Amino acid sequence: MAGLKIHKILVLSLLLFLVGCETVKLGTLEKLGYEKRDILTGRIEKAKDAQQDAKEQFKSALQEFQSVVKFDGGDLEALYERLNDEYEQSQQSAEEVSERIASVEYVAEKLFDEWKEELGQYSSADLRRKSEGQLSKTQRQYKKLMGAMKKAEKSIAPVLALFKDHVLFLKHNLNAQAIASMKNELKVVQNDVSRLISQMNQSINEADKFIAQMKKP
């Protein structure tokens, strides 16, 4: 119980630290003249790039997995090392995607809070209504974008789990029979990676739409 309590405290401390870092970073950018709107657009661009990189990395990992199950003699240890490298790179790509999405969420929340607060500063009822309408439209688009990003992010976990299982299995059973038994899983891996890539593409498309809308004069 004590260990669990300490773990929770450490996690909470880390979250508070990260939020603090984001607050300082955002404040610094605003002091340099960047608006939250532009900062959000930039972070969505980076999140989109991270997803594009992750998509290519998972394609590469799938190709390595396919080469493993087609193994027909050679250095089994080297085969395992290559597959393990692909898994570790995929894991790093997944972490980058999650971090970029979290940074988008943080700035978006601050932007929308500020926008709502500033609505009360209008003296013109007509301009306030127009700004409210634009805020609602932007929030709807953002919700759609974040839904696509979260869906793509969620689809990463099962693929990573599959890769990890097979890396461990190969590590513990470096023989041709073990590789032969992995062939039965190939279709499952291919389907999961295809689903992940499809959802990544949808998320990237939504990011492009949102960025284009935010850049409109």
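Pick from 64, 45, 77 the residue whose mean-square fluctuation is largest in a GNM of the chain, springs joining Cα atoms under 10 Å.
Most flexible of the set in this elastic network: 77.
Along the three principal axes, how long is the range 58-104 when you take its alpha carbons, biggest first, rounded to the nearest angstrom?
Projected onto its principal axes, the Cα set of the range 58-104 covers 47, 16, 9 Å.
Obtain the nm distance between the two label points defined at residue 109 and residue 125 by a simple spin-label model: each point lies 7 Å from its Cα along the Cα-to-C-beta direction.
Rounded to a tenth, the inter-label distance reads 3.5 nm.
Only helices at least 27 Å long along their axis, Cα-based, and averaging 0.0 or more on Kyte-Doolittle count here, so list those DSSP H runs from the chain.
Within the chain the helices that satisfy the rule are 2-31.
By count of other Cβ within 10 Å, fewest leading, how are 109, 96 ordered?
If I rank by nearby Cβ atoms, fewest first, I get 109, 96.
Once the piece of chain linking residue 132 and residue 116 is laid out straight, how much longer is it, given 0.36 nm per residue of separation minus the C-alpha distance between them?
Extending this stretch completely gives an extra 5.0 nm.
Which value in nm describes the separation of the simple spin-label points at residue 38 and residue 70, placed 7 Å from the Cα toward the beta carbon?
Label-label distance for residue 38 and residue 70, simple model: 4.9 nm.
At R0 = 30 Å, how high is the FRET efficiency between residue 168 and residue 201 if r is their beta carbon distance? Nearest 0.05 is fine.
It comes out at approximately 0.50.
Go ahead and collect, in residue order, the members of the range 71-85 whose backbone nitrogen is under 19 Å from a label point 7 Å along the Cα-Cβ direction of residue 176.
71-80
If the label point is 7 Å along Cα→Cβ of residue 92, which residues in the range 35-76 have backbone nitrogen under 15 Å from it?
Answer for this model: 50, 53-58, 60-61.
Where a number appears in this text, it was derived from the coordinates with a stated rule and is not lab data. Quick caveat, the model's predicted, so the values are computed rather than measured. Neighbour counts are summed over all protein chains in view; Cβ atoms, including those assigned to glycine, are modelled from backbone coordinates with ideal geometry.
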